[in-house]
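What follows is calculated from the coordinates using simple rules that are stated; it is not laboratory data. Bear in mind that the values here come from a model prediction, so they are computed numbers and not experimental data. When we count neighbours, we look across all protein chains shown, and the Cβ atoms used for this are built from the backbone with ideal geometry, even at glycine.
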Amino acid sequence: MSIVISNSTAATLLTAMLLCQTPGAWAKPDTRQQTIAAAAETAKEQCYKQMYRDSNAYAQCLRDLRNAQNGSLPKKLGVEYFAYVGALSYMRVGHMNADQIAAEFLKDFRLTQKKVGISDAALCSTIPGDCTVRMAQTQEMEAAPPKPMGVRVQCIGRVCSMVPAQ
């Protein structure tokens, strides 16, 4: 079996291949986006594993990491934005307290985002995922933030934990 390609099709394919290999053919993120992405990756490595077992430890780890950024707004934004995205991910599966954490960091990253002066699309691109869906979820949460959740202490045997108040 042989494939026949016309000269014009071959020329188009060759041009496309050369453009893809030309340095600078693809837009590279600016330094600010790279800094945000690196801070988000650090947040992921240091804190994300805690979300599964203890959402409060996850949130505190991220607050501590954010506060350790020594005045770098892009790094602070990277941590806050990852905190939001990570909580948003766990909201999809109904993880307890994920909506409260997402709401907290949404408010925080929006304030920092304004100071940094970066668009939603550029910020979203710093963390892998579907930005169309993520930005829509962000707009939904801003329009209808979760209500604060009351908690109470529940003890079973000698083990006590915080549970949602009903």
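Expected output is a single nm value to one decimal: the length gained when fully extending between Q139 and T31, i.e. 0.36 nm times separation in residues minus the C-alpha distance. What is it? That pair, Q139 and T31, stretches by 36.2 nm at full extension. The trypsin sites (Lys or Arg not before Pro) of the stretch 24-123 that DSSP puts in a loop, and whose beta carbon has at most 15 other beta carbons within 10 Å, are R53, R92.
The tail of the calculated P(r) for the stretch 90-151 beyond 20 Å holds 28 percent of all Cα-Cα pairs.
Multiplying the residue separation of A68 and E41 by 0.36 nm and subtracting their alpha-carbon distance yields 8.2 nm. Sequentially through the stretch 103-112, phi angles give Karplus couplings (6.51, -1.76, 1.60; θ = phi - 60°) of 5, 4, 6, 4, 4, 5, 5, 5, 5, 5 Hz, Gly and Pro residues having no value and appearing as x. Our analysis of the stretch 58-122 gives Rg over Rh at 0.98, with the two radii drawn from alpha carbon positions and Rh computed by the Kirkwood formula. According to the Kirkwood relation over distinct C-alpha pairs, the hydrodynamic radius of the stretch 37-166 is 15.3 Å.
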